[in-house]
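> Sharing a structure here in structure tokens format.
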Amino acid sequence: MAIDLKAVEQLATDQSSLKAAAGLAKPAKWSGVGGSEDGALIWGECAGSGANPYRVMADLRDLGNKCTCPSRKFPCKHVLGLLWLNAESIVPFAPAATPAWVSDWLGRRRGTSAGKPGSPAAPAGEKDLRAARATEPEAIEDPKDAARREAQAAKRNEETERAILDALDALEQWIGDQLRLGLSGFIDDATARCRRIAARLVDGKAAVLAGRIDELPARLLALAAGDRPRGAAVELGKLVLLARAFRATPRDAEIRRAVATSETRETVLADPQAPRVNGHWEVLAEQVQTRRDGLVSQTTWLLNLTAHGPRFAMLLDFFPASAGRRGSVFTPGERFQAELVFYPSQQPLRALLVRRDAADETLTDEWPAPDGPISDALTRPLLTEPWTIDIPLLLPRGRIARDESGHAWWRAADDTATLPIAGSVEGLLAGTEVTGAAAIWSGNRLTILAAQTPWGRIAGHD
């Protein structure tokens with residue numbers, strides 16, 4: 001089931017309701033957002049002026065809806081806001097058990113549509129007629145209606161593409177302004193400046209790119225003060241490359257995924273071009289981050305222990321911060337046999353878990369060897385996706401230690417490479433000789449996910 005923004009606009013009773021709904025189409029306003037397994041029902045709780053949130057629900061099959069607010073408008077702004085969230089994929093509507101309050105409403109709807117209780121049964125002839133109709137072949141769609149819908153869809157796509165291109169024009173002008181005014185001033189005022197251009201990108205349907213820019217100040221502040229100007233210049237350059245790549249191939253799914261929106265789970269699963277890998281996987285680590293847009297990103301990193309397919313897989317999930325911390329179905333260090341389907345890409349990384357089975361007990365404990373020199377692992381992904389932020393890689397034998405200033409480093413055993421590590425290194429990792437490590441390279445620093453040592457596996461935060 002799917003709905004687009006045009007349908008939401010047509011459903012609104014007036015422009016004021018639509019404007020109010022736009023103000024509610026923000027993750028921070030909602031909690032408990034979910035949907036049925038078939039995607040037909042969606043629901044959520046929207047914060048209002050009272051102590052309790054309004055309960056909002058909708059049936060995408062016929063756009064029936066219900067809200068517990070006292071508004072006399074139908075649909076109210078909360079319903080429109082919920083539909084807006086769904087249409088623009090602002091928050092994920094994860095399949096979940098239908099809440100009792102949604103089931104009650106759905107039951108009343110079905111009861112109404114079936115007639116009042118105690119109403120006389122339909123005559124036998126009418127029943128026979130319904131049964132006969134049920135066995136009839138589906139009516140052939142009017143070619144004019146199909147052509148009209150295709151034309152409307154094409155027009156909406158063109159309008160969306162035009163809005164994104166206009167937003168990217170504004171982004172490039174903004175980047176030029178930051179460089180002209182000086183990176184020092186940009187770094188000092190990065191939060192406010194990034195927030196303004198991110199809002200412009202959201203208006204221009206480039207929501208994913210807006211989220212990336214919204215997180216840019218945090219990434220810069222994580223660097224040492226002396227590294228921030230270089231980090232800002234590199235990131236602004238990557239944004240320019242991404243904007244120009246979108247202009248060159250606006251229909252490319254991989255580039256669109258980095259700018260506007262990702263394909264739905266159903267689309268990826270149904271895509272015959274999506275790579276499928278059935279292999280043995282180890283859970284390296286889980287990263288949970290609260291974003292500035294009110295969403296929490298939950299990233300699970302997996303390592304492929306078999307010879308075929310991508311080395312790494314990234315399982316990515318989002319949910320509202322107001323919903324609280326979610327439990328994880330993965331434990332760092334555990335291994336299992338699984339089938340994963342990857343989002344189509346020149347370098348497949350983000351994936352969906354299709355099937356999970358028990359681990360293969362005959363598999364050895366050894367990780368696969370790194371692919372060539374570290375310099376190749378750091379630069380190879382940038383040749384196809386120069387706007388990439390994080391690069392997962394396997395490190396060979398080396399040592400993790402701190403220098404006199406307290407900064408942490410990883411150094412290869414043969415002294416061919418030395419890379420700085422993000423943050424402080426404490427516990428078992430400090431001063432440890434590792435036989436191998438899995439890490440994320442952000443362009444400036446390594447984040448150790450897990451390491452293997454002569455006495456066993458240790459997590460990156462140990």
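The values are calculated or read from the model by the stated rules, or taken from the named source; none is laboratory data. Remember, predicted model here, so these are calculated numbers, not experimental data. Positions of Cβ are generated from backbone atoms using ideal geometry, with glycine treated the same way; all protein chains shown enter the neighbour counts. Heavy atoms of the whole protein, side chains included, go into the accessibility calculation; ligands, DNA and RNA do not. Shrake-Rupley method; radii C 1.70, N 1.55, O 1.52, S 1.80 Å.
> By its C-alpha gyration tensor, with a ≥ b ≥ c as the square roots of the eigenvalues, how is the stretch 265-359 shaped: rounded for a/c under 1.5, else prolate for a/b larger than b/c, else oblate? Show your work: numbers first, answer last.
Working: a/c = 2.07, a/b = 1.38, b/c = 1.50.
Oblate is the answer for the stretch 265-359, as a/c is 1.5 or above yet b/c matches or exceeds a/b.
> Please work out the average accessible area per residue across the chain, using the 1.4 Å probe convention, and give it in Å². Can you show the working numbers first?
Working: 24330 Å² over 462 residues.
In whole numbers, the chain has 53 Å² accessible per residue.
> Label points 7 Å out from Cα along the Cβ direction at residue 346 and residue 317: separation in nm?
3.2 nm
> Between residue 40 and residue 240, what FRET efficiency comes out of the Förster formula 1/(1 + (r/R0)^6) with R0 = 45 Å and r the beta carbon distance, rounded to 0.05?
On the way: r = 42 Å, r/R0 = 0.93.
With a Förster radius of 45 Å, E is 0.60.
> In percent, how large is the relative contact order of the stretch 43-88, given Cα pairs closer than 8 Å and 6 or more residues apart? List each step's numbers first, then the result.
Working: 52 pairs, mean separation 13.6, N = 46.
So the answer I get is 30 percent.
> Given axes a ≥ b ≥ c from the Cα gyration tensor, I'd like to know whether the chain is rounded (a/c under 1.5), prolate (a/b larger than b/c) or oblate.
Working: a/c = 2.07, a/b = 1.60, b/c = 1.29.
Cα axes put the chain in the prolate bin.
> Under 12 Å from the Cβ of residue 309, count the other residues' Cβ atoms, weight Lys and Arg +1, Asp and Glu -1, and hand me the total.
Details: positive: 276, 311; negative: 339.
Net charge in that neighbourhood comes out at +1.
> Between residue 331 and residue 397, what is the FRET efficiency for a Förster distance of 41 Å, r being their Cβ-Cβ separation, to the nearest 0.05? Working shown, then result.
On the way: r = 26 Å, r/R0 = 0.64.
Plugging the Cβ-Cβ distance into 1/(1 + (r/R0)^6) gives 0.95.
> Then there is this: Roughly how far apart, in whole Å, are the Cα centres of the stretch 4-49 and the stretch 155-172?
Each part reduced to its Cα centre gives a spacing of 23 Å.
> Can you give me the distance in nm between label points at residue 225 and residue 290, each placed 7 Å from the Cα along the Cα-to-Cβ direction?
2.8 nm
> Follow-up. Ignoring ligands and nucleic acids, what accessible area does residue 74 show with a 1.4 Å probe (Å², nearest 10)?
Result for residue 74: roughly 140 Å² accessible.
> Ok, one more. If each residue of separation counts as 0.36 nm, what is the full-extension length gain between residue 147 and residue 389 once their alpha-carbon separation is subtracted? Provide the component values of the computation, followed by the final result.
Working: separation 242, 0.36 × 242 = 87.12 nm, distance 4.16 nm.
That works out to 83.0 nm of additional length.
> A follow-up question, please. In degrees between 0 and 90, to the nearest 10, how far off the longest principal axis of the chain does helix 143-181 point, with axes built from Cα atoms?
Computed tilt is about 40 degrees.
> Once you order the gyration tensor axes a ≥ b ≥ c over the Cα atoms, which shape class does the stretch 1-110 get: rounded for a/c under 1.5, otherwise prolate or oblate by comparing a/b with b/c? Don't skip to the end; give the middle numbers.
Values: a/c = 1.30, a/b = 1.18, b/c = 1.10.
Because its axes are fairly even, with a/c under 1.5, the stretch 1-110 counts as rounded.
> How would 314, 57 rank on accessible area, largest to smallest, probe 1.4 Å?
Working: 314 35, 57 5 Å².
The most accessible residue leads, giving 314, 57.
> Using the Karplus curve 6.51 cos²θ - 1.76 cosθ + 1.60 with θ = phi - 60°, work out ³J(HN,Hα) for each residue of the stretch 85-99 in order, rounded to whole Hz, and write x for Gly and Pro.
Once rounded to whole Hz, the list reads 4, 6, 5, 9, 6, 6, 10, x, 9, 5, x, 8, 5, 5, x.
> In addition: Taking the chain as the reference, fit the longest principal axis to its C-alpha atoms, fit the long axis of helix 374-384 to the helix C-alpha atoms, and give the angle between the two in degrees, 0 to 90, nearest 10.
Its long axis makes an angle of about 30 degrees.
> Here is a follow-up. What accessible area, in Å² to the nearest ten, does a 1.4 Å probe give for residue 244?
It works out to around 140 Å².
> Would you calculate, for the chain, the mean residue ellipticity at 222 nm contributed by helices, counting each DSSP H stretch of 4 or more residues as -39,500 (n - 2.57) and dividing by all residues, to the nearest 500? Don't skip to the end; give the middle numbers.
On the way: 14 runs with 172 residues, N = 462.
Using -39500 (n - 2.57) per qualifying helix, the result is -11500 deg cm²/dmol.
> Measure off 7 Å from each Cα along the Cα-to-Cβ vector at residue 191 and residue 382, then give the distance between these two points in nanometres to one decimal.
Taking the two extended label points, one gets 3.0 nm.
> Accessible surface of residue 290 in the full protein assembly, 1.4 angstrom probe, to the nearest 10 Å²?
100 Å²
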